[in-house]
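Colleague: Provided herewith is a single structure, encoded as C-alpha cells, for subsequent inquiry.
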Amino acid sequence: MAHLSSLTAAFFSMLLLLLTIQSKTSSAIQLLTSISATNSPWRSSDDLILVSTDHVFAAGFRSSPSLFAVWVYNSTNQTIVWSVGIPLSSSLAISSSGEASLNDTSGHNIFADAAKSNDTKLILNKDGSLVLNNWTSFDTPTDTILANQPLPSNGTTLASSNGKYQLVNATNLVFNNSASYWGNGNGAIRNFSSDGKMFSDGGNWIASNFGSKRALRRLTLDTDGNLRLYSLRRSGGWRIVWAAVQEICTVKGTCGANAICVPENYNEPSCVCPPGYRWTNVEHVGCVLKTGFSGGNSKFLRLDFVTFDKGPDTIDRTPIAFADCQSMCLANSSCAGFSYKYNGERYCVQYSEQLAYGYWSPATKVVTYVRVASSEKDVSNFTGMTSLVDTVCPVNISLPEPPKDSKTTVRNLAIIITLFAIELLVAVMSFWAFLRKYSKYQDMARALGLEFLPAGGPKRFSYAELKAATNDFSNLIGRGAFGDVYKGELPDHRVVAVKRLKRVDTGEAEFWAEVTIIARMHHLNLVRMWGFCAEKHQRMLVYEYIPNGSLDKHLFQQRGTKEDAIASPERPLLDWNIRYRIAVGVARAIAYLHEECLEWVLHCDIKPENILLEDDFCPKVSDFGLSKLANKENMMTMSHLRGTPGYIAPEWVMPNQPITAKADVYSFGMVLLEIVSGVRNNEFRQSTLMSEDWYHPKWAFEKVYVENRLEDILDKSILDKYDDREHFALVERMVKTAMWCLQSRPEMRPSMGKVAKMLDGSVEIMEPEKPTIFYSNDSH
C-alpha cells in the first residue's frame, strides 16, 4: 500500500513538472505591436516578435541565415516577404532621442535615413509594411511585393533570395544582371491591388486572381527565376495563380554549360547532357565532351526541338542553305554545333566552343546539330515528334470495294429480298386495315394489356390517364423544339415527365413503331422512356422524371433581383470533378446512339437544355430520336438547318453538304467548351469588328495554346476551387477534346466513340488545330 502511495505521488509530481514546462514554453515568446525606446535594446536572443494588429504579419530576428525579416505569421511555412542580412548576435536599439540603429552585414545602419522623433516607434502595419517614422520597408523590397506596394521602375526592382535572378526596371527578368529571358511588352509592372489584379504602365491588365478580396496575395521572384503571384489558402498554404514564365526551362541559368533543360512532372526542370557529353563534378560547370575532336574527325547528332542561347560567341549566318550551314561549321575548328529551321527562312546559327542555356520545347521549331567525335557511339534521344510521325501508319479513309459476286448469286438474292419485302408489306397493310375496320379489337387489346406488345416495348397510355396524372397539364417544367414538358404522377406514384409533341401527324401504327424503337434504347446516360399516348391528334411521350433539371440551369445561373431569386432559386455550383463526369457520361450516351444501337440515331439538337441531371448529378441525355417523329412537311423545311443556333455544325448551312454523325460531334464540342467556361457560346463577345474575333472556340484556343493561359477560360464562379495538380489533367483533356470536336471540316472531327475514349484518358490526344467558323467546300 505504501509502495502504491509513493507511485501516485511520483506521478502527480511528474504531471506538475510537465504543466510547469508547458506553461513556460507557451509564455516564452512575447508578441508586441510596437517597439520603442522603452523596449530597447531588442536583441536577437530575446523571445520577442513584432506583429501586426490583425496578427497576419510578424517581424523579428531569424537564424539560419541570420536575418531581420518580415514574414506571414499565419502561413504554414512562415513565408518571408522582406529581409535584410545581419551579423550574428545583433540588436535593434532606439535611443531616448528617437534614433534607431540596426546594422546589416556590411556595417550600414538600415535606419540611417529615418527621421528622429521623441515618439519613435517601430510598427508593423496590416499591409505588411515595417514602418519607423518616415522609413518603410516598402521602399526597399527584396524578393517579394505585397498588395498595394509600389514597384520602383529604375534599377533592380526585385532579386531572388539566391542572388541569381533580378527583375530589372519592373519590366525584364534577367540572369546574373546580364542575360534577359522574359520581358513585359506592356511596360513596367506597377503594383497589384488587394483583390489580386496586377497592372502595368497605361493601366494594362497583366493578371488577375478572381478570388476573395480578403485573401492575402504576394508577388515573388523565386529562386528558380520565375516571377509568380501567390494567393494564401485558408489552410495556410500558398496557391500559384499567375506565373510570368510558362515554360520554366526558358529561364536562363537553370542548367550549366552544354546542358539541356527538359520539363518534366508539372513543368519541373530536369537537366540532361546531349549525346556525346557527360556530367562533370566541377561547380558551375555542366557537361563536357566525352571525346574531343579535331579537323574532319567529327560528326553531327541531331536534336529535335532543342535550342541554345544566341550569346556573344554565336555566329548568325541567316539566310543560308542547310548544306552550307553544316559545311561552315565543319570548317571551323571551334564550332561546337549549329541550329537550323526547316521552314523556308534558312535560319542558321553556329555556336562557338560552348553551348549555353539549352532547353527542349516544341515551340522552338528548331533542330540543333551538336558536334561530336566520329568515334562517338551515343545516339540522339531528342527525336521530338518525328519518330511518332514515322511510326504511325497512314489512315486509309476510302474502304476497299467488296469482291464481285457472280450475276446468278446477286439475281437470286435480289429475288428473295423482293419477295420477302412484298410479303412483309402485305402483312403489315392487312393488319393495319384490320385494326382500322374493327376498332373494337383495339379496345379489347387495351383491356387485355396487349398494348405492351412487342415484348419489352413501352406502355400505351390514354389521353385521359395522362391528363389526370398531370392535373390537366398544369405543371409546366420545360419547353423544347418538339413540344412542352409537364410534371405528373401516375397512379402507382411514379413521378413522370410528359412531353406533348407538336408537328407530328403520323398514324398511330407508324408512331407506335418509331416510339418502340426509341424506347428500346437503354443506356445509363439516356433518359428512360416509359410509355406514350397516340389518340386522335394527341401524341405524347412519358419519360422518367429527372429531379435536378437540365444542365443549363446549373452552368448559366442568373443572379438578379430578390424576386428573381425566389422564382428561380440558385442551384449548387458544379465542381470540376462533377463537370468532368458529366462530359464523359454525355459522350458515352451519344456514342451509344451513333455506334451501338441497332438503328443509327442522329440527335440533331445536343445542347445543355437536353442534358438532365439526377440527384447525384449523373447526366441523362433527352430528346434523342425525336427528329424521326417530325412530319414530312416539317422535315422538308428543316432539311438544311436543324438544331439550336450556337450548336449547329457548319455543314448545316453549306450547300450540297451531307449531314452525318459528325454534326452531333460538333454540337457536343460546343457543349463541352461551355462546361469548362460556364459561358454560353452565343452570349460570348470579344469584338464587333470581325465575326471570327468573337467566335468562342477560336478565343479559347488562342488563350490555351497561344497565350498558355488555361485559367482565363475556366468558369469564374468556381475558379477558386481549381487546383493545378488535381484538376489540370482532366480540364486539359476536356479542352483538347472540345477543340477537336469543333473543327470546321467534318472529316477532321473524331467519332463519338473516340471522343469518349479521349475524355476518359484511354487514348492519347494530339495537339488540335485552331477551330474556324466556316470552311470552303473544295476538294483538298
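Colleague: Among the residues of the range 218-246, write down those that are crowded, with 17+ Cβ neighbours inside 10 Å, within 20 Å of His55 (Cβ to Cβ) and touching a Ser or Thr at 6+ places or on another chain (Cβ under 8 Å).
Modeller: Residues satisfying the conditions are Arg218, Tyr230, Leu232, Trp238.
Colleague: Would it be correct to say that Ser117 is assigned to a loop (DSSP other than H, G, I, E, B) and touching a helix residue (DSSP H, G or I) at 6+ places or on another chain (Cβ under 7 Å)?
Modeller: no
Colleague: Okay, next question. Out of the range 491-535, which residues are touching a helix residue (DSSP H, G or I) at 6+ places or on another chain (Cβ under 6 Å) and crowded, with 19+ Cβ neighbours inside 10 Å?
Modeller: Result: Val498, Val504, His523, Asn525, Leu526, Met529, Phe532, Cys533, Ala534.
Colleague: Considering only strands (runs of 3 or more DSSP E) fully contained in the range 28-71, which possess at least 3 residues that are surrounded by 13 or more Cβ atoms within 10 Å (Cβ to Cβ)?
Modeller: Filter on the range 28-71 gives 48-51, 57-62.
Colleague: Separate question: Looking at this structure, is Ala159 modelled with pLDDT of 90 or more, of a type in the set (A, V, I, L, M, F, W, C), surrounded by fewer than 20 Cβ atoms within 10 Å (Cβ to Cβ) and over 29 Å from Tyr722 (Cα atoms)? Let's see the steps before the verdict.
Modeller: Numbers: modelled with pLDDT of 90 or more: yes; of a type in the set (A, V, I, L, M, F, W, C): yes; surrounded by fewer than 20 Cβ atoms within 10 Å (Cβ to Cβ): yes; over 29 Å from Tyr722 (Cα atoms): yes.
Yes; evaluated as a whole, the condition is true for this residue.
Colleague: Okay, next question. What tally of residues in the range 122-144 results from selecting those that are in a strand (DSSP E or B) and either among the hydrophobic types (A, V, I, L, M, F, W, C) or without any contact (Cβ under 8 Å) to a residue 40 or more places away in the chain (or both)?
Modeller: Number of matching residues: 8.
Colleague: I would also like to ask the following. Give the range 228-281 a look and list any residue that's of a type in the set (D, E, K, R) and over 24 Å from the mean Cα position of the chain (by Cα), or say none.
Modeller: Lys252, Arg278
Colleague: Given (1) closer than 25 Å to Asn162 by Cβ; (2) buried (at least 17 other Cβ atoms within 10 Å of the Cβ), identify the lone condition not met by Thr120.
Modeller: It fails just one condition, (1).
Colleague: Which is charged (D, E, K, R), under 23 Å from Cys604 (Cα atoms) and at pLDDT below 90, of Lys502, Lys459, Lys440?
Modeller: Lys502
Colleague: Looking at the range 723-756 only, could you name the residues that are surrounded by fewer than 23 Cβ atoms within 10 Å (Cβ to Cβ) and not in a helix (DSSP H, G or I)?
Modeller: Asp723, Ser744, Arg745, Pro750, Ser751
Colleague: Which residues, counting only those in the range 276-322, are over 20 Å from Tyr359 (Cα atoms), in contact with a strand residue (DSSP E or B) (Cβ under 7 Å, 6 or more places away or on another chain) and of a type in the set (S, T, N, Q)?
Modeller: Thr291, Asn297, Ser298, Thr318 - these are the residues of the range 276-322 that are over 20 Å from Tyr359 (Cα atoms), in contact with a strand residue (DSSP E or B) (Cβ under 7 Å, 6 or more places away or on another chain) and of a type in the set (S, T, N, Q).
Colleague: Being free of Cβ contacts under 8 Å to residues at least 24 places away in the same chain, farther than 30 Å from Leu425 by Cα and of a type outside the set (D, E, K, R) is the filter here, so list the residues in the range 492-517 that pass it.
Modeller: His493
Colleague: Right, another one. Given (1) assigned by TED's automatic domain parsing to the domain that holds Ile189; (2) in contact (Cβ under 8 Å) with a residue 40 or more places away in the chain, identify the lone condition not met by Thr157.
Modeller: Thr157 satisfies every listed condition except (2).
Colleague: While we're looking at this one, here's another question. Quick one: which residue in Cys271, Cys261, Cys249, Cys255 is surrounded by fewer than 18 Cβ atoms within 10 Å (Cβ to Cβ) and either closer than 29 Å to Glu353 by Cα or of a type in the set (D, E, K, R) (or both)?
Modeller: Details: Cys261 fails: surrounded by fewer than 18 Cβ atoms within 10 Å (Cβ to Cβ); Cys249 fails: surrounded by fewer than 18 Cβ atoms within 10 Å (Cβ to Cβ); Cys255 fails: surrounded by fewer than 18 Cβ atoms within 10 Å (Cβ to Cβ).
Exactly one residue qualifies, and that residue is Cys271.
Colleague: When you go through (1) modelled with pLDDT under 90; (2) part of a helix (DSSP H, G or I) one by one for Gly296, which number turns out not to apply?
Modeller: Of (1) modelled with pLDDT under 90; (2) part of a helix (DSSP H, G or I), only one is false for Gly296: (2).
Colleague: Then there's this: Of all residues in the range 744-774, how many are closer than 17 Å to Gln657 by Cα and touching a residue at least 60 places away in the same chain (Cβ under 8 Å)?
Modeller: 6
The values are calculated or read from the model by the stated rules, or taken from the named source; none is laboratory data. Keep in mind it's a predicted model, so treat the numbers as computed, not measured. We place every Cβ from the backbone using ideal geometry, glycine too, and count neighbours over all the protein chains shown.
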